[in-house]
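Let me begin by presenting the structure, written as structure tokens, before commenting on it.
The values are calculated or read from the model by the stated rules, or taken from the named source; none is laboratory data. Here the structure is a predicted model, which means the values were calculated and not measured. Using ideal geometry, Cβ is built from the backbone for each residue, glycine included, and neighbour counts are taken over all protein chains shown.
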Amino acid sequence: MRWAWISGGLVVLALHWIAPLGVPPDGWGVSSWRALPAAWRPLLVLVGLTLLVGPGRLRCEGWFARPRLSRAALLCWLVLLGCLFWWLRTEVHWGNYGIVANGASRGSVGLKHALASALAAGGATGLQAFTGGYHGDDAWAALSVLAGCLYVWGAAALGHAAFPHSLVKARVVAALACSAGFMAEFFGVVESYPLALSAQVWTVALLVRFMTRERAGGSARADGGLPLLFMCSTSTAVFVATVYLWPAVIVGWISAGGWRWEGRRLAAQLSAIAAPLVAAGALVVLFGRNWKRLAAAMGGTDGSMWVPLSTSDDPRVHFAMISWEHVVARLELMTLVAPAWLPLLLVCVWPRGALRPATERPDVPRAVLRCLALAAVSAAGFVVLVNPDMGPVLDWMQTGTGVLPIFLLVLVGALTRVDERDAARMGVACVGLSLLHTVPWVLANARVLS
């Protein structure tokens, strides 16, 4: 089993070594080393090999078994992390940076990102009232930093919900989620997708927690899943495309006993679902401008949401649905935002010589894995079908949002196939690879490396 993540890690290292030798934007999914001095690249490869198979792996395994931190210590770490996000604020912009920043400065609320754009517009209006001038980009950057702190908190909650009896595996979940390329979105990015990521990870965490509550000594039916339903609805209000989470949430909610035909309980559940959506709709009606443009924005600048079945002369269409370019672009996207996906996937499919004893208690119930798989399949449909009309490089945050449920499924699935000792070893290797990818990318975006 150990060779699964080692071989996958070697492939990831090789891709990062080769990508800077090509011509941009070739290999954009593994191009985070392009800003590094050439002499640093062999050193990073050596570090990666040490974490995969060398003594560095053995020395780092104990990190995942250290005593739990107090809540005050966790809060301090989140504050320090937020300061780091702001200090290394990105100076590289993707997507519709100008439109998004100006919309917040004008107090405009968009249809596709209703709740996120409303929060940014409110922040920009407050900053302008106190200081005067233009603060649309600052409001979005502050929202990105806040989303990053919520994401880290949610990743820790997801780990403990999935593996309540294994501190090591819970910490591996949090460490891998917090070292992936998704983290680049929390360094002051002027977009709504960082908040969508944090809402998603909290939705998945609450789903797993609701479905495993009885195993942890509680009752899965105590609250009727109100926090889960509210958070999933909030995620949809933040970014409407995250509606792909609803099939998994509904199936998990019903299978865990959340559904009961009781008037007061049902009213509370419907209210939890409706409140964020009604609030988002009201904000769009009150503060949305240019309704024709808002509706057209759902399909991007070319007015079409989907990847076409055939090639086109339209410069906003970059590949056909069934084409090698489409496959490569999506694989590069996954490597950009979740560089450890390949080692983890190999662990999931690697043949195991000996099965678990029948009496051994499974880490994660099969029902939870099925719901995570349903969420991943729905998100994969979004990733594959939606057309990045500004190009896969500039539009990586939109489609990358859908990679998160896929990555979480592969991560949790891989950890269910290994014991705690191998989980720690795999965690050291995969977290190390992720950091070797993400840290240079963040530093390059902040112009620390150029």
How many residues does region 157-174 hold that are touching a residue at least 40 places away in the same chain (Cβ under 8 Å) and part of a helix (DSSP H, G or I)? 10
Q269 passes all but one of (1) farther than 23 Å from L119 by Cα; (2) of a type in the set (S, T, N, Q); (3) surrounded by fewer than 18 Cβ atoms within 10 Å (Cβ to Cβ); which number fails? (3)
For W87, state whether it is buried (at least 16 other Cβ atoms within 10 Å of the Cβ) and not β-branched (V, I, T). no
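Within the bounds of region 193-202, is there any residue that is farther than 30 Å from A101 by Cα, within 24 Å of the chain's Cα centre (by Cα) and either part of a loop (DSSP other than H, G, I, E, B) or at pLDDT 95 or above (or both)? Walk me through it before giving the result.
Step one: of region 193-202, the residues farther than 30 Å from A101 by Cα are none.
Within region 193-202, none of the residues are farther than 30 Å from A101 by Cα, within 24 Å of the chain's Cα centre (by Cα) and either part of a loop (DSSP other than H, G, I, E, B) or at pLDDT 95 or above (or both).
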For A220, the lone unmet condition from (1) farther than 30 Å from A139 by Cβ; (2) aliphatic (A, V, I, L, M); (3) at pLDDT 85 or above is (3)
Which numbered condition A282 fails, given (1) at pLDDT 75 or above; (2) loosely packed, with under 13 Cβ neighbours inside 10 Å: (2)
Any residue in region 72-84 that's over 14 Å from C178 (Cα atoms): show its pairings with residues that are part of a helix (DSSP H, G or I) at Cβ separation under 9 Å, as long as the two are six or more apart or on different chains. L74/W153; L74/A156; V79/C149; C83/V145
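What number of residues within region 68-82 are charged (D, E, K, R), assigned to a helix (DSSP H, G or I) and either touching a Leu at 6+ places or on another chain (Cβ under 9 Å) or surrounded by 13 or more Cβ atoms within 10 Å (Cβ to Cβ) (or both)? It would help to see each step written out before you state the result.
Residues of region 68-82 charged (D, E, K, R): 68, 71.
This time we only want the ones that are assigned to a helix (DSSP H, G or I), so: 71.
Checking the rest, the ones that are also either touching a Leu at 6+ places or on another chain (Cβ under 9 Å) or surrounded by 13 or more Cβ atoms within 10 Å (Cβ to Cβ) (or both) come to none.
Number of matching residues: 0.
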All but one of (1) closer than 19 Å to A338 by Cβ; (2) crowded, with 17+ Cβ neighbours inside 10 Å hold for A14; state the number of the condition that does not hold. (2)
Has region 414-425 got any residue that is free of Cβ contacts under 8 Å to residues at least 40 places away in the same chain, of a type in the set (D, E) and not in a helix (DSSP H, G or I)? yes
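Could you list all residues from region 111-141 that are free of Cβ contacts under 8 Å to residues at least 24 places away in the same chain and aliphatic (A, V, I, L, M)? Reasoning before the result, please.
At the first step, the residues of region 111-141 found to be free of Cβ contacts under 8 Å to residues at least 24 places away in the same chain are 122-133, 138.
Within region 111-141, A124, L127, A129 qualify.
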Go through (1) surrounded by fewer than 23 Cβ atoms within 10 Å (Cβ to Cβ); (2) at pLDDT below 95; (3) under 15 Å from F187 (Cβ atoms) one by one and return the number of the condition C149 breaks. (2)
